[in-house]
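Shown next, in C-alpha cells, is the structure this report addresses.
The values are calculated or read from the model by the stated rules, or taken from the named source; none is laboratory data. These figures come from a predicted structure and were not determined experimentally. Neighbour counts run over all protein chains shown; Cβ positions are idealised from the backbone, glycine included.
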Amino acid sequence: MSGVVPAREHAEIPASEPHVPFVASGSYPVRAGNAVRPLVDGEPAFRRICDAIDAARRSVWVTVTFLTPDVQMPDGRGSFFDVLDRAADRGLDVRALFWRTNPETSGHAPGVFWGSPAHRDLLEARGSRFQARWDRAHSRFCQHQKSWLIDAGEASETAFVGGINLRPHSVASPGHARPGSHHDVYVEVTGPAATDVHHNFVQRWNEASECLAEDGSWGGDGDHDLAFPTRLSDPRGSSAVQVQRTLHAGCYRDGRPTPDGQVFDVAGGERSIFDQYLRAIGAAKRSIYIENQYLELPEVVAALHQALERGVEVVILLPAEPDEAVREATRRPERQAFLEQRAALGRQEHFALVGIAGRGAEGGRHDVYVHAKVMLIDDAWATIGSCNLHASSVYGNSEMNVSFWDPAVVRALRCELLAEHLGTDTAQLDDRSALGEYRRLAQENRRRRDAGDSDWPGLAFAIDPATYGRQPPAA
C-alpha cells in the first residue's frame, strides 16, 4: 500500500510495560482487574445499555445532558422515559440526574430537560415513578457527564461512560444515516473501576444544586441522600482503568474517598482529564489517533507538534463542518496565533486532519457530525468519555472519561473505528501502518470529493487545517 510505514522500522512496545502514565491529580486511583468494552455509535451503544437495564436486578442510575423526550431507543423499546418507567415498574431503584441551565446558558442549550413546568407536566401525565434531581453547573458551564450505572454496589454492577446524547441524530448509523447524524462512542466497564462511577453518581446526587428547591426533584423526598460505596466490585477482566473528571471548584464539597482511594479536595475542583490528555500525547512513541468534537486547546496542539517531531503518526477526526462557535472564534484577533499553530500541523508529513461523510439514500454524500471524545495511543492505551478538546470541557464543565491500558482492547477498537471510516480491514497492519493508510486514503477521497465524485471508499476525507472553520458551511 502506498504511504504505509513498515512495522519493522519501529521498535515494538512490550504489552507488559505500560508507558502511558495515568494521573494522580484526580479523585480516583488506577484500578486493575476490569473488563472494558467500547461501544461505537448510538444504536449499538443504546441497544447494549437497554439490554443491561432489562437484566438489572437492583438499580438503574443515569446522568443526562441533552434529551429529546420522545427519542426512540433501538429495537422498539420506546422512548428514554419508557425505558426508565418500565424499570421502575419492576421495582428497581431508578434515578436520573438532569442538567438545569443557568441564565448564561439557557439561550444556548436547546434540548435540555431542565425541569420546566412543561417537563414536570410530562412526567405527571406519564405517571413516572423514577426519581430525579436537577443539577446546575457553574456560571456558563454545563453538566456534561453522560453515564449509566446498572446495579450499583451489586455483583452485577456495570457502568457505561461516554459522550452520546439522548437525541434522534445520536441514535443512528453514520454510514447510511440521514443528514445531521452523529458519530459517537461509549465504553462499558465492569470491575473495580465501576465503583468509581458509582461514587461519582452518589457525590453528585447528594449535592445536586436543586435538590431542596420546590421544583428541583421528582419522585421522592428531596432530602433523601444515597450512601457512598464502601467496597469495590470484584475483578472482571485484565484492563487497568482510571475514571477521570472535570469538576468546577465549588460545585461539590463532600470529598470522602472512594473505596481504597484517598480523600480528595473536590471543593477545589478537578481537572484530571486535561492532565491525562497532555500526559498521554507526551508519552506517545508510535501513533496518536483522536476523535473529538473540537481541537481548540493551544496546549494540546503544542503537544501534538512535539509528538510529530518525535516521528509519531497522528490522525485527528473532527466534524467536517464545525459549529458556529468554532467559526466565530476564527474571526477573533486574539485567536490568530493559535490558529496558525493549528494550521502548521498540516505541514507535518505524518499528520492528517479528517472528516467523515456518509452515503445518502440517492447516492450522494452528507457530512457526519463527529461528537466522539476518543484518544488512542500506540495501540495500547485509550480514553473514552464526554470531555472535548475545548476550554469549557477541561476547565469548567462537569465531565467524565474512562482511560484504560489494554493493548488487545485498544487495537480492536482501532480496527473497528478504521473499518467504519475507511471501509477496509486494518487488522493485519500495525498502528503506524494503519494510520498511514488512513492518511493516504483520506487524501485521495478528498481529491475525488473536490472533483464531484461521491463514489469513494469508506467515509473519511482530508481537511485542510489552515482553512478549518474559516470557510462558510458547504451548501
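Of everything in the range 382-400 that's under 17 Å from R271 (Cα atoms) and among the small types (G, A, S), which residue is surrounded by the most Cβ atoms within 10 Å (Cβ to Cβ)?
Residues of the range 382-400 that are under 17 Å from R271 (Cα atoms), as a first pass: 383-400.
Now drop any that are not among the small types (G, A, S), which leaves 385-386, 391-393, 396, 398.
Numbers: G385: 31, S386: 29, A391: 14, S392: 19, S393: 28, G396: 23, S398: 28.
It comes out as G385.
If you go through the range 70-108, how many residues are part of a loop (DSSP other than H, G, I, E, B) and of a type in the set (A, V, I, L, M)? Break it down into steps so the answer makes sense when it comes.
So in the range 70-108, the residues part of a loop (DSSP other than H, G, I, E, B) come out as 70-71, 73, 77-78, 90-92, 100-105.
Adding the requirement that they be of a type in the set (A, V, I, L, M) leaves 71, 73, 92.
Total meeting the criteria: 3.
Counting only residues that are closer than 21 Å to R359 by Cα and either outside the structural domain of K285 (by TED's automatic domain parsing) or in contact (Cβ under 8 Å) with a residue 24 or more places away in the chain (or both), the range 418-475 holds 23 of them.
A search for C-beta distances below 7 Å between a residue of the range 225-241 that is assigned to a loop (DSSP other than H, G, I, E, B) and any residue that is among the basic types (K, R), counting only pairs 6+ apart in sequence or on different chains, returns F228/R256. When residues in the range 257-313 are screened for being in a helix (DSSP H, G or I), surrounded by fewer than 22 Cβ atoms within 10 Å (Cβ to Cβ) and touching a Cys at 6+ places or on another chain (Cβ under 9 Å), 2 of them pass.
Among all residues of the range 141-160, there is none that is surrounded by fewer than 24 Cβ atoms within 10 Å (Cβ to Cβ), modelled with pLDDT under 95, out of contact with any His (no Cβ under 6 Å at 6 or more places or on another chain) and of a type in the set (S, T, Y).
Condition check for R77 on (1) of a type outside the set (A, V, I, L, M); (2) touching a strand residue (DSSP E or B) at 6+ places or on another chain (Cβ under 9 Å); (3) surrounded by 15 or more Cβ atoms within 10 Å (Cβ to Cβ): one failure, at (2). Residue by residue through the range 37-69, note down the ones that are part of a helix (DSSP H, G or I), farther than 22 Å from G385 by Cβ and in contact (Cβ under 8 Å) with a residue 40 or more places away in the chain. Selection gives A55 alone.
Looking at A442, A451, A466, A427, can you tell me which residue is surrounded by 20 or more Cβ atoms within 10 Å (Cβ to Cβ) and either closer than 26 Å to A408 by Cβ or not charged (D, E, K, R) (or both)? Walk me through how you get there before you give the answer.
On the way: A451 fails: surrounded by 20 or more Cβ atoms within 10 Å (Cβ to Cβ); A466 fails: surrounded by 20 or more Cβ atoms within 10 Å (Cβ to Cβ); A427 fails: surrounded by 20 or more Cβ atoms within 10 Å (Cβ to Cβ).
Within the list A442, A451, A466, A427, the selection yields A442.
Is the range 400-411 home to any residue that is in contact with a Cys (Cβ under 7 Å, 6 or more places away or on another chain) and assigned to a strand (DSSP E or B)?
Our first condition is that a residue be in contact with a Cys (Cβ under 7 Å, 6 or more places away or on another chain); within the range 400-411, this holds for 401.
In the following step, the residues that additionally are assigned to a strand (DSSP E or B) were identified as 401.
Looking for residues that are in contact with a Cys (Cβ under 7 Å, 6 or more places away or on another chain) and assigned to a strand (DSSP E or B), one finds at least one in the range 400-411, hence yes.
What are the residues in the range 42-68 that are more than 18 Å from S181 (Cβ to Cβ) and either modelled with pLDDT under 95 or of a type in the set (D, E) (or both), if any? Selection gives D51, D54. Does the range 417-428 include one or more residues that are closer than 30 Å to C251 by Cβ, at pLDDT 95 or above and under 23 Å from the mean Cα position of the chain (by Cα)? No, the conditions are met nowhere in the range 417-428. Restricting attention to the range 323-381, the residues that are assigned to a loop (DSSP other than H, G, I, E, B) and either surrounded by fewer than 16 Cβ atoms within 10 Å (Cβ to Cβ) or at pLDDT 95 or above (or both) add up to 17.
For the range 189-203, what are the residues that are over 17 Å from A52 (Cα atoms) and touching a Leu at 6+ places or on another chain (Cβ under 8 Å)?
P192, F201, V202
Within the range 125-174, the residues that satisfy the criterion of being over 19 Å from the mean Cα position of the chain (by Cα), charged (D, E, K, R) and farther than 16 Å from S79 by Cβ are R133, D135, R136, R140, D151, E154, E157.
Within the range 394-414, residues that are outside the structural domain of T65 (by TED's automatic domain parsing) sit with their Cβ atoms under 8 Å from residues that are among the acidic types (D, E) and assigned to a helix (DSSP H, G or I), at 6+ positions apart or across chains, in these pairs: R411/D431; R414/D431.
Restricting to the range 109-133, give me the number of residues that are assigned to a loop (DSSP other than H, G, I, E, B) and farther than 30 Å from A325 by Cα.
Matching residues across the range 109-133 total 4.
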